[in-house]
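Q: Take this structure, written in structure tokens, and hold onto it; I'll ask about it next.
What follows is calculated from the coordinates using simple rules that are stated; it is not laboratory data. Worth saying up front: this structure is predicted, and the values here are computed from it rather than measured. Cβ: placed from backbone, ideal geometry, glycine included. Neighbour counts: every protein chain shown.
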Ligand SMILES: Nc1nc2c(c(=O)[nH]1)N[C@H]1C(S)=C(S)[C@@H](COP(=O)(O)OP(=O)(O)OC[C@H]3O[C@@H](n4cnc5c(=O)[nH]c(N)nc54)[C@H](O)[C@@H]3O)O[C@H]1N2
Ligand SMILES: Nc1nc2c(c(=O)[nH]1)N[C@H]1C(S)=C(S)[C@@H](COP(=O)(O)OP(=O)(O)OC[C@H]3O[C@@H](n4cnc5c(=O)[nH]c(N)nc54)[C@H](O)[C@@H]3O)O[C@H]1N2
Ligand SMILES: [Mo]
């Protein structure tokens, strides 16, 4: 094996000294600015700034240091002193940069100047903001005259409520609803599933509920890596006697044990809290079966001894109960065991824990949403909660854990391709125009449009669209056929290396930096995973004097691309963001009443949630039980022994396509991301040795070859028939057609693949 690559089992807990060491390494590598220390002290504090990492709730009474290992890494990454200056771009062609990996590209440092791509020289060259806006405006006007539906306005879930509101208005004034955002690859499944069954598109759990839950059921959410601040609430809950039950194919350290790095006693004594009391290694895509099994067990217990179901709640509040009961009773344990990968006794045991707990929360993440039947899976979890009235009372509820720090908020303020979710009449009235009513392009549809040449321009407000989407091979080939591509970003990424005829890379302020405008320093707002809104104020000096804020860039494009509209005060909005908040309040008066005052509420101010009042804004006016249409959420039928279900995963050292380093401490992998986690029995069966090189090939009916070579085999505690490898390296394997049926979220958590032995270091064992 190469000398820098190490694979070993990590024995420590999540948090603890490992997390402190990891932080120091990252701080050194990022060459952070001095402002970082000040920044960390104000992270997630009232009067401070909202972390740019995950969307987890920010408590009213924060810990002394209300940040986690990964939140601090995100702060270091943004406040790096390193710069990607024009001289850097002058000496590296874009073609050369395409040979760099994701880590090296972002590690160059913060973007400092607006840049325009020169096709002849194959380099990015500095350009003035005025010229940039002028040309982008001219190009957009030309396409608009042809057909305004040919432009996509993508947003990654980080931009503030203010920037997001302005961005959706730009798209609608331009003439389309083509507003996909990262949520289309993420919790869109939630936004489709929850309104049908509980009448609201977001979760019902608030932070306070963690103090009242008797049991918390986790499905497909990797807290230790992806929302580590939640470990504080979990640790407190576990110490109080709350039972935590996890359903996850992989043994994830952050869901097993935790040492609070902010607790000196725990750090010195090596004290750790066991997080999960039960850990069920469900098959990828097996949750519908597991949940059905639990419900079946509950019905059996109810019949035997009674006292299990909340009959009063079901009679008063629910619809579809009888059909659901019959469905569960009809399923055979044999089939449920096969589809879930769990034993009947395990499903019965989980049901018993559920049945004994007074208040239960269902928490979930990408392990449920990124499947063919993701919507059904989320609704199956709601079925379980409804049986005992676990929605709309303290300590209970459904808790989708969102990703990007403002992804939920972007949807709230109108970034959506679905016109039904947006008060278009209100926008029409406020701004005196006729908004487009036709459904816009989701991420998957935008990819289709780019592949078939219908989409002519792509504007990206943050993110790394081309790297985060499925089918990256053909997507990279098709991308340059667009006329115009514009990327608003803080750091260079691979998505910036594929360019349309006219292409711009526009650098913006990060949320941690002072945003100085005509009326003074500005504050922005975000919404967290528990539907609370917070103010966020940057404190660090901007890395470059040439940066503009996201609102300023949006306004700059809008003023040049759109006809004059005196009712849309782009310039005044940029000068004073409180005026954008007034506009948001005018658009959604119920949600954002007194926005400019309430945004300072410690812990955030709450968005009203109807399900918490047990008012069900569904078609039936009730909370709906849903009978699943199938028991497997995956694309493959599970019929062929040599087809594995590939889970594409995040490491502890990345934030989506941003790779901070090559150390996945919790999974014991160092020095490389090109690994595949396999069950030892599958390795033996398929003749693959530890550390051997393998190639993965997608199994799909369309005859397209999709493969990734040079992955090293690592034996791991994962169910037979499932394997894991990192995102975004493996996105080439995901066919665009394999997405969640109703939400169109790419099915990144069970890609049917075949494993092919490669030469070079592979020690084949004779197949038994
Ligand atoms: N440090 C860090 N923080 C992040 C991010 C990051 O990349 N790095 N990304 C942010 C974003 S945008 C998001 S959306 C969230 C993502 O956070 P998560 O929702 O935690 O997403 P993943 O890490 O992709 O996968 C979650 C878990 O699902 C499990 N899983 C896979 N398939 C199944 C299945 O079929 N059933 C079950 N029950 N489990 C399954 C996997 O083993 C994994 O542990 O985190 C956010 N926070
Ligand atoms: N195979 C597979 N694919 C997946 C997933 C998976 O689990 N498996 N997960 C999916 C999920 S959940 C998500 S959310 C998407 C993520 O998709 P995206 O949100 O598009 O991608 P990110 O990697 O978060 O974007 C990183 C880039 O954002 C830019 N950036 C950072 N901060 C700022 C800022 O403040 N302003 C601006 N303008 N730009 C900024 C930087 O240039 C950085 O390079 O990927 C999805 N793709
Ligand atoms: Mo996400």
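Q: Please give the peptides 708-716, 395-403 ranked by average Cβ packing (other Cβ atoms within 10 Å per residue), highest first, as a rough proxy for protection. Mind showing how you got there, number by number?
A: On the way: 708-716: 20.0, 395-403: 26.0.
Order by mean packing, descending: 395-403, 708-716.
Q: Tell me, Kirkwood radius of segment 33-102 from alpha-carbon pair distances, in Å?
A: When all Cα pairs of segment 33-102 are included, the Kirkwood radius is 14.3 Å.
Q: Could you give the C-alpha radius of gyration of the chain expressed as a fraction of 2.2 N^0.38 Å, taking N as the number of residues it contains?
A: On the way: Rg = 25.1 Å, N = 768, 2.2 N^0.38 = 27.5 Å.
After normalising by residue count via 2.2 N^0.38 Å, the value is 0.91.
Q: Now for a different question. Give or take rounding to whole Å, what are the principal axis extents of the alpha carbon atoms in segment 578-643, in descending order?
A: Sorted largest first, the three principal extents are 60, 32, 23 Å.
Q: Moving on to the next point. Please label the shape of segment 417-516 as rounded, prolate or oblate, based on the square roots a ≥ b ≥ c of the eigenvalues of the alpha-carbon gyration tensor (a/c under 1.5 means rounded; beyond that, a/b larger than b/c means prolate, else oblate).
A: Oblate shape, in that a/c is at least 1.5 and b/c is the bigger or equal ratio.
Q: Order of 416, 544, 305 from fewest to most other C-beta atoms within 10 Å?
A: 305, 544, 416
Q: Measuring from centroid to centroid over Cα atoms, what is the spacing of segment 407-472 and segment 643-702 in Å?
A: Each part reduced to its Cα centre gives a spacing of 33 Å.
Q: Next question, about the same structure. Compute the distance in nm between two label points, each set 7 Å from the Cα along the Cα-to-Cβ direction, one at residue 96 and one at residue 518.
A: 4.3 nm
Q: Before anything else, pin down the relative contact order of segment 212-256: Cα pairs under 8 Å, at least 6 apart, normalised by residue count, whole percent.
A: 58 percent
Q: Which whole number of Å³ per residue matches the convex hull of the alpha-carbon atoms in segment 188-401?
A: In segment 188-401, the Cα hull volume divided by residue count equals 116 Å³.
Q: Quick one: work out the % antiparallel among DSSP beta bridges in segment 188-401, nearest 5.
A: If we restrict to bridges inside segment 188-401, about 10 percent are antiparallel.
Q: Could you work out the Rg to Rh ratio of segment 493-612, with Rh taken as the Kirkwood radius (inverse of the mean 1/r over all Cα pairs)?
A: 1.02
Q: Can you show me the helix-derived [θ] at 222 nm for the chain, built from DSSP H runs with n ≥ 4 at -39,500 (n - 2.57) apiece and divided by the number of residues, rounded to the nearest 500. Each step should come with its number before you reach the end.
A: Details: 30 runs with 265 residues, N = 768.
After summing the helix terms and dividing by residue count, I get -9500 deg cm²/dmol.
Q: As an exercise, use a Förster radius of 41 Å and the Cβ-Cβ distance of residue 448 and residue 332 to find the FRET efficiency, rounded to the nearest 0.05.
A: 0.55
Q: Another question, then. Could you tell me whether segment 644-757 comes out rounded, prolate or oblate from its Cα gyration tensor? Rule is a ≥ b ≥ c as square roots of the eigenvalues, rounded for a/c under 1.5, then prolate if a/b exceeds b/c, otherwise oblate.
A: Taking the square roots of the gyration eigenvalues as a ≥ b ≥ c, segment 644-757 is oblate.
Q: I'd like to compare 321-333, 34-46: which one has the highest average count of other Cβ atoms within 10 Å, and what's the full order after that?
A: So the order, starting with the most tightly packed, is 34-46, 321-333.
Q: Apply the a/c threshold of 1.5 to the C-alpha gyration tensor of segment 32-186 and tell me whether it is rounded, prolate or oblate. Can you show the working numbers first?
A: On the way: a/c = 2.33, a/b = 1.31, b/c = 1.78.
Here segment 32-186 falls in the oblate category.
Q: Any idea what diffusion coefficient segment 302-458 gets from Stokes-Einstein, in µm²/s, Kirkwood Rh on alpha carbon pairs, 4 °C, 1.567 mPa s?
A: For these conditions, the coefficient is 66 µm²/s.
Q: Separate question: Against the globular-protein guess of 2.2 N^0.38 Å, express the Cα radius of gyration of segment 377-432 as a ratio, rounded to two decimals.
A: That works out to 1.61 for segment 377-432.
Q: Continuing with this model, one more query. What's the center-to-center distance, using Cα atoms, between segment 559-626 and segment 77-154 in Å?
A: For segment 559-626 versus segment 77-154, the Cα centre distance is 32 Å.
Q: Indicate, rounded to the nearest 5 percent, the antiparallel portion of the DSSP beta bridges found entirely in the chain.
A: 45 percent
Q: Which order do the peptides 120-126, 408-414 take when ranked by the mean count of other beta-carbon atoms within 10 Å per residue, highest first?
A: The densest-packed peptide leads the list: 408-414, 120-126.
Q: Calculated FRET efficiency, residue 5 and residue 702, Cβ-Cβ r, R0 35 Å, to nearest 0.05?
A: Numbers: r = 35 Å, r/R0 = 0.99.
My answer for the efficiency is 0.50.
Q: A further question on this structure: Apply the Kirkwood formula to segment 45-85: the hydrodynamic radius equals the inverse of the mean of 1/r over all pairs of different alpha-carbon atoms; give it in Å with one decimal.
A: By the Kirkwood definition, the hydrodynamic radius is 11.5 Å.
Q: Let me ask something additional. Could you work out how much longer the chain between residue 681 and residue 343 gets when fully extended? Use 0.36 nm per residue separation minus the Cα distance between them, nm to one decimal. If you can, show how the numbers build up before the last one.
A: On the way: separation 338, 0.36 × 338 = 121.68 nm, distance 1.83 nm.
The span from residue 681 to residue 343 would gain 119.8 nm if fully extended.
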